[in-house]
Structure formats: C-alpha cells, structure tokens
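Participant: After the structure tokens below, expect a handful of questions from me.
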C-alpha cells in the first residue's frame, strides 16, 4: 500500500538493546503491511579520534559490529519469514548514519534510547536528532508495546493547520489503512480573546473565531480524508493545552502522529514543544513527520 517506490525500505536502527529489539518488531510489521523490505542498520562508531587503534583491534570491533547486524537480521527473519530483510553497517554516530541511510527509506524506526544511554535517560540523543532532522517520517517506539491491527488499532494525530501537521494527518490515514483501524484527529484551540490569555486581543469575538476555526478544521480533515475513504475518522476540537490533550487522547492508542513543529514554533526550533513532550511522555509509539514530505493539498480557506 505504500505510495513510495517499491524498493524503498523500512529502515530500523538496531544495536541489540532492548529498545532496539522493540523497534525491530515494529519495523518488521510495518514492512510486512506495506509490502516493503526492512533494512536493519547498525552504526560502528569509535568516538576517540585522537586515539587510533591497531588494525587487529579494529578488526575485532568490526567483527562485533557485524555480529550485531547479523543478530538483527536473524531476529527480523524469525519475526516475518516472508519479508525481505536487508542489512547495512554504517560508520559514524548512530544519528548521522540513520539520517544518511534514511534519505532512501520509506520511513525510519528506532527505539526510545540505545546502548549509549545511561540509567534514567528517558529519550536518547539519536531519537531526538533523527526525528528533528530526518527527511522522512520517523517512528520512535516505546518498550514493551506490540503493534496492533484491526478494530483496536487507533491512530491519534494532532492537526493545527501547519504544513508538518498536514503531513502528519496524511501518514496517520496511511497507518490506519494498513492496520484496518481508525484515526482520531485532534485540534487544540486557545482562546486568544479570553481574560485567561496573557494579552487578550481587543474587540475580538472569541466565539466567532472558534466557530470559524472549528469549521475550517473539520473541512480540511474531511478533504484530506477522502484519499482514504475506507478509514473511519473521528474529529475532536477541544479547548485544552495540546501537550496534555494529545497525551490523554493517545493513552491507549496504537500510534501518535505529530508534525515536527507546529504553527507557534519558530523556524529555528527543529522540534516543537508539543512533539518534544510527546517523545518524553507518550504511552505509545510516536511518529514525527517533517514539512519536507508534505503531499496533501488543502482546499482554499
């Protein structure tokens, strides 16, 4: 069902950590549903540039890295014997390797943190950096969660009208179609004309603004949903802080999909505050879409 090229794989970062094994499960299932190969990627990184190694020791390190990739490939084939499993051993930091290889992938999957983390670390640097810089969608998988399909599969997406948010809705519809599930589209409205707003705008009819925004939200959602008419779509327009509303809505979800940054995020901010919070606190896997992949066309407003 992929709209990409047939040979564009689902890329998964693998370092034999428990988190990367969960990411592998998600990636293999994603590849199976999409009819695509899965590409198991490990990064060999020697961080001490000024301390060269002997050829013998470097060969040993290389052998260990090859064994990590082989282990990931073996696990992937056990999970889905009918999926084409490929491998790649990159050289460099995990983030740099995944970003480079991810240019040719349909999407990238990685665990919340890898082997390089420390006790108490909630989200690893690779998860944040890859989600912030990747040219395609990135799914960050939380541990101990299995991909769900069928009526219980519920995809939650935050929509604020930003380009990355529109791309998020596009991905959410695809994921729901693949899993035979539903999409819940959530828009969080802030009343800029109320007394609770830090600087209420004068002569603002906040009720009229809200009615117009809600109507436009539902119009855009309905228009973009026409591409997947078989997917049941639920729309929710709420007056709540987006961080809390999205986390609550996604508590029992299969996947939470967000753009990398929303309308209120400055261009210099690679990941918006809502997306950062979701990566830290969401109970389910989080997919992040960049503006660069935006395909949907919305009706003129």
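The values are calculated or read from the model by the stated rules, or taken from the named source; none is laboratory data. No experiment lies behind these values; they were computed from the predicted model shown. Don't worry about glycine lacking a Cβ; one is built from the backbone with ideal geometry, like all the others, and counts go over all protein chains shown.
Participant: Report, by residue number, each residue of the range 6-38 that is part of a loop (DSSP other than H, G, I, E, B), under 19 Å from residue 112 (Cα atoms) and touching a residue at least 60 places away in the same chain (Cβ under 8 Å).
Facilitator: Within the range 6-38, the first condition is being part of a loop (DSSP other than H, G, I, E, B), and the residues that meet it are 6-9, 14-17, 35-37.
Then drop every residue that is not under 19 Å from residue 112 (Cα atoms), which leaves 14-17.
If the condition is that a residue be part of a loop (DSSP other than H, G, I, E, B), under 19 Å from residue 112 (Cα atoms) and touching a residue at least 60 places away in the same chain (Cβ under 8 Å), then 15, 16, 17 are the ones that fit.
Participant: Restricting attention to the range 23-33, does a residue exist that is modelled with pLDDT under 90 and surrounded by 12 or more Cβ atoms within 10 Å (Cβ to Cβ)? Please lay out each step first, then the result.
Facilitator: Quick first cut of the range 23-33, residues modelled with pLDDT under 90 only: none.
No, that holds for no residue.
Participant: Consider residue 242 against the criteria (1) farther than 27 Å from residue 25 by Cα; (2) in contact with a strand residue (DSSP E or B) (Cβ under 8 Å, 6 or more places away or on another chain); (3) at pLDDT 95 or above: it satisfies all of them except one. Which criterion is unmet?
Facilitator: The one condition residue 242 does not meet is (3).
Participant: Across the range 225-253, what is the total count of residues that are buried (at least 23 other Cβ atoms within 10 Å of the Cβ) and in contact with a helix residue (DSSP H, G or I) (Cβ under 7 Å, 6 or more places away or on another chain)?
Facilitator: Count: 2.
Participant: What are the pairs with Cβ atoms under 7 angstrom where one residue, in the range 257-277, is within 20 Å of residue 184 (Cα to Cα) and the other, located anywhere, is surrounded by 21 or more Cβ atoms within 10 Å (Cβ to Cβ) and at pLDDT below 80? Sequence gap at least six, or different chains.
Facilitator: What qualifies is 274/262.
Participant: Return yes or no: is residue 184 in a strand (DSSP E or B), under 30 Å from residue 43 (Cβ atoms) and at pLDDT 90 or above?
Facilitator: Against the criterion (in a strand (DSSP E or B), under 30 Å from residue 43 (Cβ atoms) and at pLDDT 90 or above), residue 184 does not qualify.
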